Structures are given as C-alpha cells and as structure tokens.
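Please read the structure below before turning to the comments.
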Amino acid sequence: MDSLSTLDRALRLKKVELFQNLETETLALIASIAEQIDIAEGESLCDEGRPQLALFLVLEGKFDMLRGSARLFSIGVGETIGNWALFDDQPSLVSSTASEAATVLRIDREDFYDLLADNPEITRTMFQALFQRVRTLLTPGISNTPPVPATSTTRGGSL
Amino acid sequence: MSESVPGTTNQRGLRALLKIEPGEAWSTGLLAGYLALGIASVIALKAASDSLFLSRFEASQLPYADLAVTALVGVVVGLYLKLSNRLPLARLVQFTQVLMAGLFALLWYGLAAGWAPAAIVLYVWVGIYAVLVPSQVWSIANSVLTTRQAKRLFSLIGSGGIAGAAMGGRIANFAGTRNATEAVLLAAAAILLLGAAIAAVLSRRMLATNERRAAAKERASLLASFRLVMSQRYLRLITASLFLSAIVSTLVKFQFKAVAKASFAGDQAALTTFFGDFYGYIAVFSFVFHVLFTSRLLRLFGLGAGLFVLPLALGLGGVALLTSAGLWAAVVARGADQSFRHSLDRASNELLYMPLAARVRTQVKSFLDIVVSRFADGIASLLLLLLLEVLTLASSGVSWAVVLGVIPWVATVWLLRREYVDTLRASIERPELNPEEILKRISASEGAARIAETLEGSDHAAQETAIDWMRLNQAAPEELHLRALLKGTSPAVRQKAFEVIVEQRLPGYFKQAAEHLEDDIAVEERWKLLGYLEAEDGAEAEQLMQALLVGPNRELAATAGVRLLHHGGAIAEEAMTHLKAAMSDAAEPTAEWRALRARLIGFLPDSPERLEYLGQALTDEEPEVLREAIESAAALRAVEASERLIELLGNPAVRREARTALEAIGAPAVAAVAGALGRVPPSEQAGNDLLRVLGTIGDGDATVALLNALDAPTFAMRRMAGRCLARVVERAPSRIDRTRVEQGLRREIQASYQERVLLSAVQDRAETPRIVFLQTALRERSSQRTKRVFWHLALLYPWREMRDAAYWIDSGDDASRSNALEFLETRLANEHRRLVLPLLEPNGDGVLPDAAREEFGLIPLPYENAVRRLLTRPDPWLQACGAYAAPESGVDGIGELLKGLRENPDALVRETAIAAAERMRA
C-alpha cells in the first residue's frame, strides 16, 4: 500500500470511535504521530497476557483475534485493534495475528501522551468522548444496545 | 453562491416578504388558519348568541347574563388549570375543543327542540368561549415557535385572526339573511373539531424542551396562578399592562360611540353606515399593517417599541379628544386602538410570554388572558359608571381619564421592557456554583451538639472534619474539647487543634504549643507556632528560641534562628551566624534538609544573602527542593526569580507552583511573562500558564499582553487569552482598551464572513471524502471563529451574559438558543447586533447576510474561486485542507498553485501539496 499523507491518515482516523468528536485539525496532529506499517501474514500485533502499547487501525488486510489457539473473531479494514491500549495498562485478553498481508496505522501510547501533554485541548475532548462512552454503557435502556455504534469500527475496543 | 433555500423564485420571494424561513411555512400557515377559524367562530357565535338571546328575552336581562359570564369565567378557568395538571397542552386544547363542540351541538339540539334556557346557556357559554379559544391558539403558537421565530411570525399568525374576524362577520350575516342563525352553532362545532385536529398536527412540532421543563412544578389552579403572578415582578408588570390597556380601551370605545352618536344626531342610518365603513376600513388597514409592518417593526426597533405604540397612540387620541371633541379625534383614537391592538400590540404582548418556562406560560397565560382581562373589563365598566353617573362628568372627563390612564400604562411598559430583557437573561443563565458558600451553608446547618458529639468521639477522621467545619464557621471548640484533642493519639487531629489555637489566638496554650514545636510538622506550622508563642509571652518565647538555636534539633534550630533574625540586635547577629552555618552546611545535603533550607529562605528578612540562597535553591534538581524554593520566591515576591520561574513552567513536577509564585509576584513579573509569551513557549500548556498568570495579575500591562495573545498561534491559547481577559474585565472593566477590542471584534467578524463565503461555495459540491473533510474543516473554523467573536464581546459586555449566550447558542436546545439570540438582540449595541446576529442565526449557512455585502463588500464566490482563495489564505490548516481537496475540484491552473505551496513554511501544507500534485499526475 502506498504511503498515506497526514490528511489521508486523519481522514481514516475520523472513523475511529475514540476520535470521532475531535476536530479535523486535532486529528491531523494525531495523524502526524501515526506510523504506517506493513505486517506480513502470520505476524502478531499483540500477544495475549502482555500489555498492549499501541492502537492499530487496519488499513489493509485482516487479523485473527485469538484466545489461546481459539479464533474468536477477525478484524478487517477500517477497524481498530487495542482501542483502549492508549489508556489501559492491563494485559491484553487476546492476541491478534495477521491472517493475510496487512497495513496498519500504529499510534504509540507514549507518543500519544506527549501529544496530549502539549495539547490540553485534545485531552479535554478525549475525556468527553470517554465519558460519553461510559455513560452509554451505564445508562439503562442504552446499555442493551451494542457497545459499538454502527458508524464505529472498533471491535477491538473491549480488548 | 448558490442558495440552499428550497422552492421556486416566487416562493422564495414570498417567503422573503413574509420573513418565513424554510420549514416554517407549514406551522405558520396552520397556526394562522387555526386562529382565523377560532376568531371567525367567536364573531359568528357572538352575533348568533346575541340575536337568539334578544329574540327570547328582554335587553334589560342582558346585564344578568353578563354577570353570569363573569362569575363562570373563574370557575371554568379553575377547571381548565386543573386539567392542565393532567394533560399536556396539545391534549388539553384538543380535549376542551371536542368538549365545546359537543356542547354547541347539544345547544343546537336544545334550541331546535324549543328549550328556552338554551339561549341563556349559549349566551353565557359564548362569553367564555370568546376569551378561551384565542388564548388556546396563542398558547399553542407559543409552544411551537421559538422566541426568534415568534418575533418574525406572530404578525403573520395574528393576521389570521384579523381575517377570521372579517370571515366571522360574513358567516353571521350569511346565516342571518337565510334565517338559519342556529346553524352557526353547528358550524362552530365543526370548526372546533377541525381546531382539535390542527392542535394534534401541531403538537408534533412543539418544542421538546418545553415538555421537559413542564415537569415537577407546582400544580396549577386559579389560586396557584394568582400566587405565581404575584410572586414575579415580570408577571405583575404584564398583568398591570393588560389591565390598564383594557381600561383605556373601554374608555376610548365609549368616547368614540358617544362622539359618533352626537355627530350623527338622530340619523340612525347614517350612524350605521359610518360604523360599517369605519370598521371595514380599519380591518383592511389593520390586516395590511400587520402583514407588512408588524414583524419588521419588531425586528428593527425591538419589543419595547412594539409595546409603546398602542399606549402612545391612545394617549395622543385622548389629547386630540380633549382639544377638539370632534369626530375626527374620536376616529383617530378608536382607529389607533383597533388597528394596533389586534396587530402590533397583540404580537408584542404574546412575545412577552416567550422567555417563560412552558409550564409557567400555560398556567399564567390562561389566567391573564381570561380572568384578568374579564376583570379589567368589569372594572372599566364600573369606572365609566363612576365618571358618568356618580361624578356626572361630561365626555371631556372621560378623555381626561384616558390621558391619565395612559401615563401609568406607559410607565408600566417602560419597566416591562427592561424586565423582558432581564427575564430573557434569566432564561439563559447558568447558575454559578460557589463551593465555599455551599460548604459554609452545609456547615452552618450542622448542629453544635452534633459537632460536640463528634469531637468527643474516637473517630479521628470525623474529628478532623468537625474541626475543619468549625474553622470554616470561625467557631472555637470548647476548651474542654480542645485540651482533650491536644492530648489525643492522632497527630493529624492534634495538628488541626493547634491550627485552630493559632488562627484564633486562643490564649493559655503556651506550654502545649512549645512542646508541639518538637513534633514532625511543616516549616509553616512551626513558624506560626513561634508567632503564637511570641504573642502569648514575648520574653519567654525569645528565651525558648535561643535555647532551640543551640539545641540538637537542626530543623527547629534553623527555624528559630530565622525567627530571631527578625528580633534585631545582638540576638539577631548570633542567629545569623548559626543560620549561615546551616545554609552552607554541605556535610549532609539530603533532599529533605535542602528542602527545609529552601523553605526557610521565604522567611528571611531582606539581606544580600537571601537572593543568593534563593537562586541556588531554584536550580536544585530535586522537585521537592524546587517546590519549597518556589514557595519561598512567592512568599518574598522575588521579582528577580521571575525568569527562572517562567523556565520552571516547563517542568511538569513544579509547573503549578511556579505559576502560583509568578501570580504572587504580581505586576513586577508582567514584563518577564509578556516577554516569554512573545517567544515560542515550550508547550501549549506552558503558554496557557503564562496567560493565566497575566489574567490573575490583570494590570494594564498584563491586559495589553493578553489582548496581543488573542492572535496567538494556537486555538487553545487564544481561548485561554479570551478567558483570562474576561476575568480581568470582571474585576476592572476600565482596564480594557475598548477601541482595540472593537477593532479585533470587527476583524473576527470579517474573517467569519469570509469563511462563510468559502463554506457556502464548497458545501454544495459532490461529497467525495476529501471535499467532506474540507467542508468539516471550514465548519470547525467557523465555529472557532464564532467563539472568538464571543471572547471579544465578553470584553465589551458583561462577560457572564456573553458566556451564557454563547453556551446556549452552541447547544442543541432550540428554545434556549432562540432565547439567547433574542437576548443578544436586545443587549448588543446596534453596530454589533447588525454584524453579529446574522452569523448566529440558524439557517444561515447557505445565505450570505446583507451585512457581509454592505459592510465588508463580500460577494458569493463560485467554487473554483473559493478553492483558489483557500490555497492562498494565510491559514496553514485551511490551506492544507484546500490542497487536499484541490485535485477533485477540476479547477483550471490548480497545479500551478499547488506547485507554489511546495515552498510553504508549514510542513503539513508542503506535504499535502506534494501529495495532491502526485494524485493529479496519477
């Protein structure tokens, strides 16, 4: 896959649930720390039981999400792996392995934190997004709806 | 620029003439039609009921029937308000209208069957119906439209009422000539059923917020409505205005009839023709005036002017009657009354209810429209009797009464106008929470017995809380409790007990305080304890400190030494010797010891060594030491440390302390802070900290620096500058250079309109992902720009008002947004209102407001020009977004423009331009 420009990356990040409320200019900042990497078939992005240190947005290809050797589901183009890895230190409950050659955008947690430190405005908006998500999960009547909105592509969010 | 307003050119022209926005035509038409039907039925029924009554009874029995109407109005309104507790407005209207339709059908049957009392019941019932139905229609209109829509559309809806009145006359005439008066009842029943259906349709368009606000309020009743009206100044003023209006109108009507009768003495036919012509012409004039001018007058001159027209016109009419008593004067007075009462005055009065919460509105409106207006009619009749029969005044006496009635009416309207703005303001106000005040109130509510019980208990955490609450209320614990606490096992409780003793200077604790010095407590607490000891017994305290100076406790010795320095004389010299040794003691430079020394610097008297020690401590690498040194710099207000403190804003471990210290230094630090702001701050957060410092200091120089920062490179910093300036304005409004703010405001408005032009040009394009991205970026820029407009406005007007208005305008609540806009229209000066409001009005995205053309010479741009302009705009973000979407624009010569951007200083612009050029080649 050709290398994407910053704004192309921002365009794709706009579809990530966690970033949906961010302004395009802020998305461009996040896009500037996102790294486009190619993953060979069979290569793993995260291992079960180990902390995940980055969020991945799949640009091309597919990943199998495995617990032990059991395949739970797969993640494809436009979906994210490790949605909460940017905030959560807990070990990953599953591992993700490329079932075919793939390209992903990787947002490293430390880079992300640096960005937040320099841009408090992003922190504010992220807090709002997180709070909204928690409220959606906790509010009776809404909690029965799938945690992932139709527009979202974050099936890896609960990992 | 293509306009997004749907419809043909003729439809658009008609909408523009009538000031109807897209999506409003259906509701407005229904409401106008609803009012027309309602008023038509009222007029026709009145004629029918008069005729049926007089055909069965004597005219002398009419006053009894009128009395019955007045008495029954109270009963009916009471029942109506009780029903309003159970039913939402639309259902309430539907239910009552179906009920009334059934009643008219029954009465028709009763009349047809020859049941004589049916005519009386009809007469009485029509008297109530005549005030209930219009009030219901207007209540529905109030709930369907927002304040801003009401201001534009009430005139149009009201014109339905005027047309309905003419229609009702024709219906009555038609029925009368065909000897089918009773049939009017069936027509009215049909109209009511149709009205119920219209109410059902309109209920789907009622504002959701109104229903939400309707919850959990006092239950409505006649008495509750009366109490509610009496409890609010605004409602009292509305009542007074309605009351005076009804009285003056009755007096003018009498004068008109009296003068006309005198002018056409004996000629009954001429009199009838005159009345017919007069009311006919007035109806036409009123309708035309209403449709064409009411809305425009309200928007141009505001609600206040709308409310003043009728009383002033009647006042002039009264004066004319006093001076001439001719027919022309009576025509002028009654003509003005009839023309404006049902047009401009009605629309203005209905607008008065808009800022009220929906529940209050429903409760109050029916009470005022029905009970108060009927009561006022009765009082006016009594007044006439008093003037003519008891005081035996001539017609000129009534004219005097008109003029005298207008004076308090005008005064009421004057107050009402101001109260309307305040009520609008209250409707958008967001409450300020003052945590200290809340805590005080909570602590005051806690009984002394409960506090004593807690202090006697064994729960240390509860004891600490109890002491804190007592401190908050500045209450001293009982001595018994205090001594018990000082002996307790909890160091934290003991410490808090000593804090109370020191703060309140409670005598008699010298020994305990001296012992407490040995405990492991902070330098500040030790310092305060020494102060307490000096106040208790100066000589003994000095002896104690001398002993401590040479004692084994190094920290205590240093603290006592610094305290003794302030005593002067030989003892101070001795203390200085000890202190110098302690300060330069490098034998055991633990962080803890260095931190203590750093903190003690803040208590040193002025000396050459003090700054030297402070400088050293501020370069320490340990955050713990740095924190103490910064606190000392703050305590000393050491301006010499400003630059170092600014550097430390970049150190996350001590950032907050550094900021507080700069704020404590105050005005002398402004030059250094402003200078640092001019350089590129190490981070956005550090930049924000610098702005906060300036906002807290808030002197003239700080204000200038903050004004400069409104053009800071990042949005977050510009926002912070705006907030800090608002704080400065709140404390000292005169510090702001208004001319400069005005210039900044104008720049922001112009830029906002320019961005609106660009957005309008790109928003109708094919929605490819890149163009959508550009549209989103432009919308976001526009929203940011609006915020910047409000920052400037907050420097020119009370900032809380602007903050609340901005909040609601950005909210999704249509009713509050509308109230906020209406509030701004009344609050802003004309030059600001004219430019700012078109930016904020809804449905404005696709239309370039007149102000943009007239004031800034802006014209709609074709898409191609908009893209070119984006690429040359001095805004790197929009340039990048423009370049991103450019290859899909199909604009000639775009390649050259993209080529030019390859040398752009902004990395994102360069990268996007290169990628875009490659995409074009591909």
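The values are calculated or read from the model by the stated rules, or taken from the named source; none is laboratory data. What you see is a predicted model, and the numbers here were worked out from it, not measured in a lab. Don't worry about glycine lacking a Cβ; one is built from the backbone with ideal geometry, like all the others, and counts go over all protein chains shown.
Some observations on this one:
- Among the residues making up region B:627-654, a single one is within 14 Å of chain A (Cβ to nearest Cβ) and crowded, with 22+ Cβ neighbours inside 10 Å: B:L649.
- Condition check for B:G895: away from chain A (no Cβ under 14 Å), assigned to a loop (DSSP other than H, G, I, E, B) and surrounded by fewer than 18 Cβ atoms within 10 Å (Cβ to Cβ): no
- Apart from one condition, B:T619 fits all of (1) polar (S, T, N, Q); (2) in contact with a helix residue (DSSP H, G or I) (Cβ under 7 Å, 6 or more places away or on another chain); (3) modelled with pLDDT of 90 or more; the exception is (2).
- The helices (runs of 4 or more DSSP H) found wholly in region B:496-604 and carrying at least 2 residues that are of a type in the set (K, R) occupy B:523-536, B:554-565, B:591-601.
- Residue check, B:Q754 surrounded by fewer than 23 Cβ atoms within 10 Å (Cβ to Cβ), in contact with a Phe, Trp or Tyr (Cβ under 9 Å, 6 or more places away or on another chain) and more than 14 Å from chain A (Cβ to nearest Cβ): yes
- When B:L878, B:L837 are screened for being out of contact with any His (no Cβ under 7 Å at 6 or more places or on another chain) and either without any contact (Cβ under 8 Å) to a residue 24 or more places away in the chain or among the hydroxyl-bearing types (S, T, Y) (or both), only B:L837 passes.
- Matching option when the condition is farther than 23 Å from B:Q879 by Cα, part of a helix (DSSP H, G or I) and either among the aliphatic types (A, V, I, L, M) or more than 14 Å from every other protein chain (Cβ to nearest Cβ) (or both), among A:L29, A:L11, A:L55, A:L18: A:L18
- Enumeration of residues in region B:662-689 that are more than 14 Å from every other protein chain (Cβ to nearest Cβ), within 36 Å of the chain's Cα centre (by Cα) and hydrophobic (A, V, I, L, M, F, W, C): B:L662, B:A664, B:A667, B:V670, B:V673, B:A674, B:L677
- Scan of region B:736-793 for residues that are under 31 Å from the mean Cα position of the chain (by Cα) and of a type in the set (D, E), ordered by number: B:D737, B:E742, B:E748, B:E755, B:E780
- Across region B:767-811, the number of residues qualifying as farther than 21 Å from B:P733 by Cβ and without any contact (Cβ under 8 Å) to a residue 40 or more places away in the chain comes to 13.
- Residue count, region B:826-866 (criterion: surrounded by 16 or more Cβ atoms within 10 Å (Cβ to Cβ), at pLDDT 85 or above and among the β-branched types (V, I, T)): 2
- Any chance B:D875 is of a type in the set (D, E) and either under 30 Å from B:L796 (Cβ atoms) or more than 14 Å from chain A (Cβ to nearest Cβ) (or both): yes
- Residue satisfying condition, being away from chain A (no Cβ under 14 Å), part of a helix (DSSP H, G or I), surrounded by fewer than 16 Cβ atoms within 10 Å (Cβ to Cβ) and touching a residue at least 40 places away in the same chain (Cβ under 8 Å), within set B:E742, B:E748: B:E742
- Among residues of region B:71-106, those that are within 16 Å of B:F367 (Cα to Cα) and surrounded by fewer than 17 Cβ atoms within 10 Å (Cβ to Cβ), counted: 8
- Check on A:L105, within 14 Å of chain B (Cβ to nearest Cβ) and at pLDDT 75 or above: no
- When A:E35 is tested against (1) modelled with pLDDT of 90 or more; (2) in contact with a Leu (Cβ under 9 Å, 6 or more places away or on another chain); (3) away from every other protein chain (no Cβ under 14 Å); (4) buried (at least 21 other Cβ atoms within 10 Å of the Cβ), only condition (4) is not met.
Residues checked against (1) within 14 Å of chain B (Cβ to nearest Cβ); (2) in a helix (DSSP H, G or I); (3) under 18 Å from A:I30 (Cβ atoms); (4) at pLDDT 70 or above:
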| residue | (1), (2), (3), (4) |
| --- | --- |
| A:A117 | yes, yes, yes, yes |
| A:R124 | yes, yes, yes, yes |
| A:R135 | no, yes, no, yes |
| A:G141 | no, no, no, no |
| A:T145 | no, no, no, no |
| A:T153 | no, no, yes, no |
